[in-house]
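Have a look at the structure below, then the notes.
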DNA sequence: TTGACGTATTCCCATATGGGAATATGATTG
DNA sequence: CAATCATATTCCCATATGGGAATACGTCAA
């Protein structure tokens, strides 16, 4: 089954290094497929394919300009990832990390349920 | 070539829905493989496999406890993802989103380089 | 030791992908 | 309409994966 039809969410789209690079370039401004080919040293077909994926998950938007197609970043698409990851923030922020360590030392077991929430 | 040997970074590890769920459970506290099997309704081998991937990319840590193995979240591993995505924050935060729209209206072209950075 | 339990591995299979090359499609210019 | 530029698609192939089933391992209880 391989990756369960995942190419439908931003998480998977962003899992690919190349695609992250494309988004980084687009973050600096609109770009045509050709621009990306040059800036990223990738083959045109590959760029188009990656853009297709990014477009399907709503991470980029297109605009026609003569024979060119200008792609631009659709930032909102990244918010879900941001929100999800942010939910784990307290797990790596030092102040809390230290507290976790102490708690685990004391309990020697799971910290489970209500950690240092409220 | 498929996904270029990516199973080495957090981005790919987290691209899998199941793995995200595992991390969410572990965020609530240490869990044994069996616990996860029950809480996530997954087969034991699958859980072990996912945990292996998560462990390889440093998203979870293990601790031996008799015949059981207790896994716990290693939050720091998510920071790279957080930082990367956070770099795009201004692209979805309303105040800036509006400004982008205006700028694009005015220029009718790329916004390129120095946007509303400093 | 033997047997049960908890977890990790291995096999096998279906399939999602990505890259490279070649080709199709659209739009622009002459 | 022909030639050309800019992109998108399609083919083909190697390979990474994930799930399911069976099995190997390590640890604990008798």
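The values are calculated or read from the model by the stated rules, or taken from the named source; none is laboratory data. Just so you know, these numbers come straight off a predicted model, no measurement behind them. Quick reminder, even Gly has a Cβ in these numbers, built from the backbone with ideal geometry, and neighbours come from all protein chains shown.
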Looking at residue B:40 and the list (1) at pLDDT 95 or above; (2) more than 18 Å from residue A:86 (Cβ to Cβ); (3) away from DNA strand D (no atom under 16 Å from the Cβ), which single condition is not satisfied? (3)
Could you count how many residues in the range B:11-37 are away from DNA strand D (no atom under 13 Å from the Cβ) and either surrounded by fewer than 15 Cβ atoms within 10 Å (Cβ to Cβ) or within 13 Å of the chain's Cα centre (by Cα) (or both)? 3
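Within the group B:5, B:98, which residue is at pLDDT below 95 and within 16 Å of DNA strand D (Cβ to nearest atom)? It would help to see each step written out before you state the result.
Values: B:98 fails: within 16 Å of DNA strand D (Cβ to nearest atom).
So the residue among B:5, B:98 that is at pLDDT below 95 and within 16 Å of DNA strand D (Cβ to nearest atom) is B:5.
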Write out, first by first residue and then by second, each pair whose Cβ atoms fall under 8 Å of each other, whose residues are 6+ apart or on separate chains, and whose first residue, in the range B:43-55, is at pLDDT 95 or above while the second is near DNA strand C (Cβ under 6 Å from one of its atoms). B:44/B:33; B:44/B:34; B:47/B:33; B:48/B:33; B:51/B:33
When you go through (1) at pLDDT 95 or above; (2) surrounded by 15 or more Cβ atoms within 10 Å (Cβ to Cβ); (3) touching a helix residue (DSSP H, G or I) at 6+ places or on another chain (Cβ under 9 Å) one by one for residue A:111, which number turns out not to apply? (1)
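If you take the residues in the range B:58-77 that are near DNA strand D (Cβ under 10 Å from one of its atoms) and touching a residue at least 24 places away in the same chain (Cβ under 8 Å), which one is surrounded by the most Cβ atoms within 10 Å (Cβ to Cβ)? If you could, list the steps in order and put the result at the bottom.
Here is the first cut: in the range B:58-77, the ones near DNA strand D (Cβ under 10 Å from one of its atoms) are B:64-69.
From what is left, the residues that are touching a residue at least 24 places away in the same chain (Cβ under 8 Å) are B:65, B:68-69.
On the way: B:65: 11, B:68: 13, B:69: 15.
Checking each candidate, the answer is B:69.
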Every residue from the range B:13-33 that is touching a strand residue (DSSP E or B) at 6+ places or on another chain (Cβ under 7 Å) and assigned to a helix (DSSP H, G or I): B:23, B:25, B:26, B:33
Can you name the number of the only condition in (1) closer than 23 Å to residue A:94 by Cβ; (2) more than 12 Å from every other protein chain (Cβ to nearest Cβ); (3) surrounded by fewer than 16 Cβ atoms within 10 Å (Cβ to Cβ) that residue B:80 fails? (2)
